Amino acid sequence: MPCIKIETNVSLDAAAAKAKALKLANEAAAAIGKPVERILTVITPGLALAYRGVETPAAFVELKSIGLTADDCPALAKWLGEFLERELGVPANMGLIEFKTLDPELTGVNKGTVAKPAA
């Protein structure tokens, strides 16, 4: 159940944000190797966000996934940096990415957890 959340100071209207969230989900499926039907993406534009002491286009990205390893992170960071540049106009050096491994026992979905699905 990968989740990718991008918070940015870049302004987008609702339709553009939705379109980019869908694009992010489809790219994530390929990058992470999980079906798009299991991926959650959130893009929150237009925030009061400053990074490195400036208010130029910037983003904070969270990528959480069951089974994520430290070895996965460099390639995912490259892909996410390219997405930020291409889709949001955020230079890669203005994006901070936090990677977290999700515990299946502590990840809820469909009235259960991944480790113990609801009957």
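Here, each number is a calculation from the coordinates, and none is a lab measurement. This is a predicted model, so every value here is computed, not measured. All Cβ positions, glycine included, derive from the backbone under ideal geometry; neighbour counts span all protein chains shown.
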If I ask for residues that are touching a residue at least 24 places away in the same chain (Cβ under 8 Å) and part of a loop (DSSP other than H, G, I, E, B), which ones from segment 80-119 would you list? Gly89, Val90, Pro91, Asp103, Thr107, Val114
Tell me which residues, restricted to segment 22-47, are surrounded by 19 or more Cβ atoms within 10 Å (Cβ to Cβ) and under 9 Å from the mean Cα position of the chain (by Cα). Leu24, Ala28, Thr41, Ile43
When (1) closer than 17 Å to Thr8 by Cα; (2) in contact with a Cys (Cβ under 7 Å, 6 or more places away or on another chain) are applied to Lys64, the one that fails is (1)
Here the residues within segment 60-119 that are of a type in the set (Gly, Ala, Ser) and touching a helix residue (DSSP H, G or I) at 6+ places or on another chain (Cβ under 8 Å) are Ser65, Ala75, Gly81, Ala92, Gly95, Ala115
Looking at (1) exposed (fewer than 14 other Cβ atoms within 10 Å of the Cβ); (2) over 30 Å from Pro117 (Cβ atoms); (3) without any contact (Cβ under 8 Å) to a residue 40 or more places away in the chain, find the lone condition where Ala17 falls short. (1)
Can you pull out the residues in segment 1-21 that are basic (Lys, Arg) and either in a helix (DSSP H, G or I) or over 14 Å from the mean Cα position of the chain (by Cα) (or both)? Lys18, Lys20
Gly89 meets each of (1) at positive phi; (2) touching a Lys or Arg at 6+ places or on another chain (Cβ under 9 Å); (3) of a type outside the set (A, V, I, L, M, F, W, C) with one exception, condition (2)
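Report, by residue number, each residue of segment 55-79 that is part of a helix (DSSP H, G or I) and either touching a residue at least 40 places away in the same chain (Cβ under 8 Å) or among the β-branched types (Val, Ile, Thr) (or both).
We begin by selecting, within segment 55-79, every residue part of a helix (DSSP H, G or I); these are 73-79.
Passing the criteria: Ala75, Leu76, Trp79.
Given the options Ala31, Ala92, Ala59, Ala48, name the one that is of a type in the set (Gly, Ala, Ser) and under 18 Å from Met1 (Cβ atoms). Can you show your working first?
Working: Ala92 fails: under 18 Å from Met1 (Cβ atoms); Ala59 fails: under 18 Å from Met1 (Cβ atoms); Ala48 fails: under 18 Å from Met1 (Cβ atoms).
Answer to the selection: Ala31.
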